[in-house]
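> Have a look at this one.
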Amino acid sequence: MQLPQKHSNTGTSIFAVMSGLATQHNAINLSQGFPDFNIDDRLAAALSEAAMKGYNQYAPMPGLPMFRNAICADLKTRYGVSVDPDTELTITPGATYGIFTAFTAILVPGDEVIVLEPAYDSYVPNIETNGARAVVVPLMAPGFGVDWDRVKATVSPRTKAIIVNTPHNPTGAVWSMDDWNQLAAIVRDTDIFILSDEVYEQLIFDGGRHYSVLQHDELRARSFALYSFGKVFNNTGWKMGYCVAPPAFTQAFRRIHQFLCFSVNTPAQYALTQHLADKLQPIHEVMQAKRDLFLSLLSDTPFTIHQPARGSYFQVASYERISDLPDKEFAIWLTENYGVATIPLSAFYSNGHDDKLIRFCFAKKEETLTEAAARLRQVR
C-alpha cells in the first residue's frame, strides 16, 4: 500500500528532536517555545468554573458568541479597529490550525506562496499539502529585515498569497508601518492574499509598537489575520486562537473549518472570555523583564548577540567564537555536553541555510534562565 507524500519535510520536527535530547540528557529546555511557569490563578479558576457551570458540550462552529464579542471588544481597545464577531471572526484550536485552514481555503494545485525565511516550520508543509509551491525569499541577517525589492521581483502570475509574521519567530524582528506600506504597494492591483501571523502581537519590547494588518485598511481587505491566546496568557497547551478576515474570506475559512474540527474547546472559550475582563500586568512587561535578564546573563558567556529581540519569546545568538560546527550539530553538542537545549536557525529555512545561529526561548522562570546561563558560561 503506497501512502502519498504530501509535503517535502519528511523528517521529525526539530522541536521534537531537541526536546527529546533535553529529556535524555537532563538538559534545560530553551528550545521549544513554551513557558515553564504557571498560568494566572484566575484563568485556572475560570476553567474549573466553566466545567462546573456546564460548559462541556459543543460550542457553535464559529465559537461562543460571548467569546467572539469579548475578542472584538479587546481588538477595538488595543488597535482601534472594528471587527464583526459574527461575520469576520472564527475561533480556532490554535493559530497553526488557523494558518493551515486559511491556506486550504485559498490554494489550488499550481499556486505559489511567497514565504519569508527563516520562517515558522509549518508554513511550507501547509502550502505543499494543498498542492501549491512555496517560493522563499530570505530575510536580511543579522537584523532580519525584508528586502522588498526582492519580494517584488519574486511575484509571478502564479503568486496566490504571501505569508508574513510579526513579531517574528524565530528572530524577534518587528515590522514597522513602512513594511506594511511596502507590502501594500507590491500587492496593489493584484489578487494576492495576505496571511498575517501575529501570534506574538502583545510581546513587543523597548517601548515599541505592534502594527497589525487590521490597521492597514488596504491590506486588511485581502488578509487573514491569525492570533493565539497561548502566547498572551502563557497557556500554549490549551491550543486556542482565532482568525479575523473579511466576511467572504471568513465564509471560505469556515467551509473548511466546519469539517476539520467543527467546534473548539468550550470550557476554554468560557474561561478566556472571563479572563479578558481581568486586570492583568501587560504581558510585554513580563516578557521584556525575562529578555533583559537573559541578555544580562549571557553577557559573560562566549555567545554573541547581534541584535536584542524586539518581540516574541526568542533571542537569536551566534556561536561564532565557540565553534565552526554546522548549527544543528552545534545545538546537539551543546545539549549533550553542557545541558542546554536550543534550536538551530537552519531548521527555519527550507534549504537548511546555516548562518551559525541558534535560538533561545527566554519565556522561562528566573531560576531556569539563571541555571541555563551558569551552564553556558562553562562552554569552551
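No lab work stands behind these numbers, since they all come straight from the coordinates. Given the structure is predicted, the values throughout are model-derived calculations rather than measurements. Using ideal geometry, Cβ is built from the backbone for each residue, glycine included, and neighbour counts are taken over all protein chains shown.
> Relative contact order, percent, of region 57-275 when contacts are C-alpha pairs under 8 Å separated by at least 6 residues?
Dividing the mean separation by the residue count of region 57-275 yields 29 percent.
> Can you show me the helix-derived [θ] at 222 nm for the chain, built from DSSP H runs with n ≥ 4 at -39,500 (n - 2.57) apiece and divided by the number of residues, rounded to the nearest 500.
Estimated from H runs of four or more residues: -11500 deg cm²/dmol.
> Same structure again: Note down the relative contact order for the chain as a percent, whole number, built from C-alpha pairs under 8 angstrom at least six residues apart.
About 25 percent, as a whole number.
> So, one more: Using a Gaussian network model of the chain with C-alpha springs under 10 Å, which one of T342, T166, T266 is most mobile by mean-square fluctuation?
Its mean-square fluctuation being the largest, the pick is T266.
> Quick check for me: using +1 on Lys/Arg Cβ and -1 on Asp/Glu Cβ, what's the dipole size of the chain about its Cα centre, in debye to the nearest 20?
480 debye
> Moving to a separate point now. For the chain, what are the DSSP H helices with axial Cα length of 20 Å or more and mean Kyte-Doolittle hydropathy of at least 1.0?
Sorted by number, there is nothing, because no helix extends far enough and scores high enough.
> Right, another one. Is the C-alpha gyration tensor of region 158-283 telling us rounded, prolate or oblate? Criteria: a/c under 1.5 is rounded; beyond that, a/b larger than b/c is prolate, otherwise oblate.
It comes out oblate by the Cα gyration axes.
> Any idea what the dipole of region 237-380 comes to, in debye rounded to 20, about its Cα centre with Lys/Arg Cβ at +1 and Asp/Glu Cβ at -1?
Approximately 460 debye in magnitude.
> Further, regarding this structure: Taking 0.36 nm per residue of sequence separation and subtracting the Cα-Cα distance, how much length would be gained by fully extending the chain between Q258 and D147, in nm to one decimal?
36.2 nm
> OK, next. Using the Cα centre of region 282-380 as origin and beta-carbon charges of +1 (Lys, Arg) and -1 (Asp, Glu), tell me which of I322, A289, P344 is placed farthest towards the positive end of the dipole.
It is A289.
> In region 57-275, if the dipole is taken from +1 on Lys/Arg beta carbons and -1 on Asp/Glu beta carbons about the Cα centre, which of V146, V135, Y79 is farthest to the positive end?
In region 57-275, that residue is Y79.
> On a 30 Å Cα-Cα criterion, which of the cross-link pairs K152/K231; K6/K239; K53/K364 come out too long?
Checking Cα-Cα distances, K152/K231; K53/K364 exceed 30 Å.
> Something else now. Given axes a ≥ b ≥ c from the Cα gyration tensor, I'd like to know whether region 16-143 is rounded (a/c under 1.5), prolate (a/b larger than b/c) or oblate.
Here region 16-143 falls in the oblate category.
> About its Cα centre, how strong a charge dipole does region 81-195 have in debye, to the nearest 20, once Lys and Arg get +1 and Asp and Glu get -1 at the Cβ?
260 debye
> Can you tell me the order of 299-310, 142-153 when each peptide is scored by its average per-residue count of other Cβ atoms within 10 angstrom, highest first?
Result, highest mean Cβ count within 10 Å first: 299-310, 142-153.
> Mind checking which of R220, R133, R255 has the largest fluctuation in a GNM of the chain, springs on alpha carbons under 10 Å?
Looking only at R220, R133, R255, the biggest GNM fluctuation is shown by R255.
> Compare the Cα positions of V113, L183, A225 along the charge dipole of region 97-226 (+1 at Cβ of Lys, Arg; -1 at Cβ of Asp, Glu; about the Cα centre) and return the one farthest towards the positive end.
My answer, from the dipole projection, is V113.
> Build a GNM of the chain with springs between Cα atoms under 10 Å: which of Q269, Q315, Q258 gets the top mean-square fluctuation?
Most flexible of the set in this elastic network: Q258.
> Separate question: Which links in K290/K365; K290/K328; K290/K356 stretch past 20 Å when you go from one Cα to the other?
Check vs 20 Å cut-off fails for K290/K328; K290/K356.
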